[in-house]
Each structure stands twice: as C-alpha cells, then as structure tokens.
Amino acid sequence: MRTPLTLAEILAVLNDQRSVPELQAYFGLDGGTPRTGNQFERLGGSGDRPEVRNVITAEDLIAIELLSVRVPPQTALDLLQGRLGRDVSAQLAVIPTDVGLGDEGALAHVDEKSHADRAWRLLKRADGIGWVIAGKLLARKRPMLVPVYDEIVSCAFGTRKKFWRWLHGRLREDKGVLVERLTELQIKARVPEEVSQLRILDVVFWMRHRSQHKGYRCRGLRPPNTDRSH
C-alpha cells in the first residue's frame, strides 16, 4: 500500500525548476492561453465575499465547471433554491472565511463531524456530485481552508481519506516551511495574491502529474532523491 508523501518529498516537488513555469502556464502568465481553472477562485469576485459566502450561487456552479466537473441540472436547482442549498448554507454559516488550513485552530473547522465535513457529506450524497465535486464546491466557498482535490492530486500525494487533516499537519510541520515555500512560489511566478496558497499547491501537483496519471494502476508521484524518514 502506498504511503503519503513526506514533507521533504512535497518540498522536492515544489523546489523543482518546473514549478514556476508550470504555475505561469496554468495562469497564463507566460504569454500563452491560461487554463480555464485559473479563474476558479476569482470568478465574480470570489465565492467567499461577504454577500454570498454562505450560499451556493450560479457563479459557484460555473466556477467548478472551469475545473472540468459539472453538477447535474436538477441537483443544481436544489442547491440554488431547494432544501439541499438551505442545508449546505446552514453549515457554511458556521465556517469562518478568515481561517486558513494550517492555522492554529483550523483543524476544528475541517475535522470529522465539523461543519465543513457535514457540508461535504451533504454535497457528496446529492445526486451526481460525489467526493470530487463536493470538495471543489467547498473550496470555492472557503478557499483558504478547503483545498481543491481530485483523483490526480490524490494520486500525486498518495492520499485519499482524511486529506484535510493530513494536509493541515504538513502545513504546520517544521515551523510552517511549506507555507513559506508556497508564498515564495506565488511571488516568483507572479500569481495574483487573490489565489490561495492551497491552490498554488494543488496546481503544481496537478500540472506535474496529470500527463503521467494512469488511473487506479498509477503508482503516484515520487520525487527523486528524497529521504522517506523525514
């Protein structure tokens, strides 16, 4: 069974010379055409702005389509004007927008049976959503706290269950060196400050592994020359 990447291995991926060009290519900062996902957090002025932070909006549904997933029409209507939307809003109302994963106390907001976990489970059970779309919707509403997470990123990290808890630990490990490195990469690649550090991490790993991913047979992403005992 594969084990999740260590902090040293995560840093090795980020420190690779490809990371800055990949970020620039994704966000269209190299003169090329950006990927549609570059607008995921920023579309319409963000999903966590005060007037909409506790409700799923049509902009949110369009934003996740920029990441190549789509909520079925009937479920979309339920989110916009039905019981599902009201239930999710009740959970969002208790989740802060100014706490980032890795911050002191952040784990209580994303751990099992937290309000974010309850919102994720409500969404995941809805027709045509599942764990990937549920996570992307929550990442749109709380970009500092909930990471974008799909099959490719899961495979790259070697994780699946309790990913939020695992990533929170890596962000706090070794005096927050991962947070520092993500900030450095964002500045060096000139990615707009409105993009969260969690999204920087997601984009680097998605870009690095997307062309090599082989589905359930994939062995994941293993950076060379790293110490597994870190």
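None of the figures in this text is laboratory data; all of them are computed from the coordinates on show. Small disclaimer: the values here were computed from a predicted structure and weren't measured. Cβ sites come from the backbone with ideal geometry, for glycine too, and all protein chains shown count toward neighbours.
Its Cα centre serving as origin, the stretch 41-147 has a Cβ charge dipole (Lys and Arg +1, Asp and Glu -1) of approximately 300 debye. Max-minus-min Cα coordinates of the stretch 41-147 on each principal axis give 39, 28, 24 Å, with the largest extent listed first.
Between beta-carbons, use under 12 Å as the cut-off and find the net charge around Val55, counting Lys and Arg +1, Asp and Glu -1.
Net local charge, Val55 excluded: 0.
Projecting the Cα positions of Tyr149, Cys218, Gln24 onto the charge dipole of the chain (unit charges on Cβ atoms of Lys, Arg, Asp and Glu, taken about the Cα centre) puts Cys218 furthest along the positive direction. When only Cα pairs below 8 angstrom with a gap of at least 6 residues are kept, the chain shows a relative contact order of 29 percent.
Each peptide in 175-181, 195-201 was scored by the mean count of other Cβ atoms within 10 Å over its residues; highest first, the order is 195-201, 175-181. Based on the convex hull around the alpha carbon atoms, the chain presents an average projected area of 12.4 nm². Residues of the stretch 136-161 with an amide N closer than 19 Å to a point placed 7 Å from the Cα of Glu65 along the Cα-to-Cβ direction: 136-141.
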